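Please read the structure below before turning to the comments.
Bear in mind that the values in this text are calculations on the coordinates, not laboratory data. This is a predicted model, so every value here is computed, not measured. All Cβ positions, glycine included, derive from the backbone under ideal geometry; neighbour counts span all protein chains shown.
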């Protein structure tokens with residue numbers, strides 16, 4: 001097993017390209033990997049497994065990445081912007097909002113049509129771009145589809161080959177509903193919220 005350190009990855013990938021897929025259990029001379037019900041073990045084991053040891057400060061840095069939303073903006077002396085980046089982090093979504101979205105979407109993944117598996121909510125206008133967490137900007141999706149979309153903008157996602165494969169079994173009504181959301185994007189973008197802070 002390859003051993004790496006935190007500096008070997010971009011910490012801002014945590015929550016975007018790198019997510020929690022399950023739990024590692026150790027004891028009694030054994031190690032078990034338990035994955036979430038909607039994850040694909042073959043997909044996980046196809047990846048190279050790397051062991052990362054973190055010291056206390058690194059654990060705090062990773063925890064901060066998972067707990068806070070942050071935009072960092074670097075400015076020139078003349079006031080012009082040099083660089084900005086947004087940290088996508090784990091966020092807590094009010095349970096009432098989640099259940100309203102699940103019920104509205106009939107507890108069915110809006111991207112693949114599956115039911116009876118753990119669901120999540122997906123921000124239509126990306127959360128990492130300031131997309132708001134309200135009913136109008138959320139869709140009920142299974143975790144696998146939510147992960148498959150990642151941080152792909154909605155219009156690009158709906159037009160992607162990956163979405164077309166996943167959505168092959170959707171009803172015509174759901175397909176049309178997903179396409180019609182593209183027209184709502186300008187209105188959703190007007191509602192964006194930005195959190196600007198420095199480190």
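Brief remarks on what is shown
- For peptides 150-163, 121-134, 170-183, sequence by mean Cβ density within 10 Å, most packed first: 121-134, 150-163, 170-183
- Cβ-Cβ distance of residue 48 and residue 93, R₀ of 35 Å, FRET efficiency by 1/(1 + (r/R0)^6): the value works out to about 0.65.
- Inter-label distance for residue 2 and residue 165, nm, one decimal - labels placed 7 Å from Cα along Cα-to-Cβ: 2.3
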